[in-house]
1. Please identify the pairs in which a residue from segment A:187-209 that is within 22 Å of A:Glu252 (Cα to Cα) has its Cβ atom under 9 Å from the Cβ atom of a residue that is assigned to a helix (DSSP H, G or I) and among the polar types (S, T, N, Q), counting only partners at least 6 apart or on another chain.
2. Across segment A:312-344, what is the number of residues that are outside any helix (DSSP H, G or I) and of a type in the set (Lys, Arg)?
3. Kindly indicate the residue of segment A:262-276 that is surrounded by 20 or more Cβ atoms within 10 Å (Cβ to Cβ) and away from chain B (no Cβ under 11 Å) and also nearest to B:Leu45 (Cα to Cα) among those meeting that condition.
4. Mind telling me which of the residues A:Leu309, A:Leu285 ends up being under 29 Å from B:Leu14 (Cβ atoms), in a helix (DSSP H, G or I) and away from chain B (no Cβ under 14 Å)?
5. Just the residues that are surrounded by 17 or more Cβ atoms within 10 Å (Cβ to Cβ) and either out of contact with any helix residue (DSSP H, G or I) (no Cβ under 8 Å at 6 or more places or on another chain) or part of a strand (DSSP E or B) (or both), please, taken from segment B:27-45.
6. Could you say which residue among A:Val228, A:Val289, A:Val293, A:Val250 is closer than 17 Å to A:Glu160 by Cβ and touching a strand residue (DSSP E or B) at 6+ places or on another chain (Cβ under 6 Å)?
7. Show the residue pairs meeting these rules: Cβ distance below 6 Å; 6+ apart or different chains; first residue within segment B:30-48 and within 11 Å of chain A (Cβ to nearest Cβ); second residue among the small types (Gly, Ala, Ser) and crowded, with 19+ Cβ neighbours inside 10 Å.
8. As an exercise: evaluate A:Val79 against (1) of a type outside the set (D, E, K, R); (2) at pLDDT 95 or above; (3) surrounded by fewer than 19 Cβ atoms within 10 Å (Cβ to Cβ) and give the number of the one condition it does not meet.
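The values are calculated or read from the model by the stated rules, or taken from the named source; none is laboratory data. Everything numeric here is computed off the predicted structure, so don't read it as measured data. Note that we place each Cβ from the backbone using ideal geometry, even for glycine, and neighbour counts take in every protein chain shown.
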Amino acid sequence: MTPTKANPSNTVTAEPEPVRCGLPGPVGPLSALLVDALAGGPRGLPGEATSLGNPLDDADLHLALYLCFELNYHGFAGVDSDWADEPSLLRVRRLLGEQFLAALTGNLGPLPDGADVPDRLEAIIAADDSPSIATYLLQHATEEQVRELLVHRSAYLLKEADPHVRVLPWLRGRPKAALVEILADEYGGGRAERMHAELYARCLRTLGMDWRENAYLDRLPGVTLATVNLTSLLCARPRWRGALLGHLAVTEMTSSEANRRYAAALRRLHLGQRDVIAYFDEHVLADAVHDVVAAHDMAGAFARAEPQLAESVLRGAQMLLHVEGAFARHVINSWAAGASSLRG
Amino acid sequence: MTEDQGGAETVITLYRDGPLLVRGNFRIAQPDGTTIDASRATVALCRCGGSRTRPFCDGTHRLIGFRATCGPEGRRRQDDSDEG
C-alpha cells in the first residue's frame, strides 16, 4: 500500500499557525450524511442513524461519530461552528455512541479481584494479552511504519487532553485536583511551547509531515478512530465519568514504558533529533508522575468517594485496553503482511 | 500552574510499589550544588533503583515487580501488621 506522507493537497505550511483542515471524504452512508450536511448551515438531520457494520470498528460509523465530536474540538474549515450543539446532530452522536458502547461492553471479560481500585487496575493491565506496537517498533519497524504510527496517533495527540477538560466539572475534591494536576502537565504547565499537543505537532513538522489537526483523517481506519471516539464518548456524559477515569488511569499507567520504546525506536532509525524525540522523552517522565497520580489520587480516590461507580472505573479501563488491543492487532497484522495499516 | 508554588511547603508522597512524588517548592541538586532541571511542578523520583532516567521515575518499577509500602518501613510499631 502507499506510504504515509500527506497527500499532495495537504501541503505543509512553513509557519506553525493553527489552521483547520477541510472535511474528509465519506466512506459510507452515515459519514456521507454528515459530510453533506456539514457543508451547509446547521439544520435538522434525518432521524435514523444505524450502522450495518461492526460497531467496534466500522469505518463509516466511526468517521461519522468522529465528525460529530470534532465539532466540539477544533472543527473543520468551511463548517459552521454552530453545528456543535445542533440538536439533531447531537441525537445522531448519541445513537452512534450508544451502538459503539453497547458492542464494546458486550466484549469485556470478567473484572479481576483486588484490594482496591489501583490494585484491580494493575490486574486488568496484567491480564491484557494484546500485542505491543511499541515493542514491534523497537524491534522491527521501518521508518515508514514509524511514520504510519505517527499518522494514526495524530488524530488524538494533536488535541491531547482536550476531551478530558470537559470532565472536570463532574468531579469534586481529590480526584478533581488529581485530574487538574495531570491536565496542567498536558498543557505544558502554562507554557505554550511545552503543551503536549504542540510537542507532537513539532515532531510531525520536523519529520516533514502534516501537523494540522485532521490532516490525515482520510487515511485513518475505523479501528483508529474508535480509540479517539471512545475517549470523546466517555467525556460526553457525566454518567460515564467513572469509566473515563479508569480509561485515563490505564492510559497513564501504561504510557511511560511505551513512550520509552517509541523514543528508542526513533533513535534506532536515526530519527532522534531533539524536536522529534521531545514528545516521547517528555512522556516517559511526565507519565511516570501521572501513572501514580491517576491510579491512586484520581481513580482510587474517586472510587472511594463514589463506591457505586468503582465498577464503572474498572470497565473504562477494560474498554481502553479492548480498543487499543484491536488497534494494535490491526497495525501489526497489516505490517506483518507487508501492507500499510492506513486507509489507501 | 508554574514551578513557583508561592512558597508552599514541600511534600514528598510515597506511592505503593511506586515512586516518591515531590510537590511544592523544591530544587533537585547534585552534591556540588548543580541543579537538575525537573521541568515540571510535580516530579516522580525513582524508588526501585531500576529507572533509566534516574533520579526520575520512568515506570520500570512495574516491569521488575518492585514492592514497597506507602508507609514507613523497618521501624514498625508492634501493632503495625502492614507488610509490603
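1. A:Tyr200/A:Ser154; A:Ala201/A:Ser154
2. Initially, segment A:312-344 is screened for residues outside any helix (DSSP H, G or I), giving A:337-344.
This time we only want the ones that are of a type in the set (Lys, Arg), so: A:343.
Residues in segment A:312-344 being outside any helix (DSSP H, G or I) and of a type in the set (Lys, Arg): 1 in total.
3. Initial filter on segment A:262-276 (surrounded by 20 or more Cβ atoms within 10 Å (Cβ to Cβ)): A:262-263, A:265-266, A:276.
Those still in the list that are away from chain B (no Cβ under 11 Å) too: A:262, A:265-266, A:276.
Details: A:Tyr262: 22, A:Ala265: 25, A:Leu266: 26, A:Val276: 25 Å.
Here the answer is A:Tyr262.
4. Numbers: A:Leu285 fails: away from chain B (no Cβ under 14 Å).
Only one candidate passes the filter, namely A:Leu309.
5. Residues of segment B:27-45 surrounded by 17 or more Cβ atoms within 10 Å (Cβ to Cβ): B:38, B:40-45.
B:Ala38, B:Val43, B:Ala44, B:Leu45, listed by residue number.
6. Values: A:Val228 fails: touching a strand residue (DSSP E or B) at 6+ places or on another chain (Cβ under 6 Å); A:Val293 fails: touching a strand residue (DSSP E or B) at 6+ places or on another chain (Cβ under 6 Å); A:Val250 fails: touching a strand residue (DSSP E or B) at 6+ places or on another chain (Cβ under 6 Å).
Going through A:Val228, A:Val289, A:Val293, A:Val250 in turn, just one is closer than 17 Å to A:Glu160 by Cβ and touching a strand residue (DSSP E or B) at 6+ places or on another chain (Cβ under 6 Å): A:Val289.
7. Filtered contacts from segment B:30-48: B:Ala44/A:Ala288.
8. (3)
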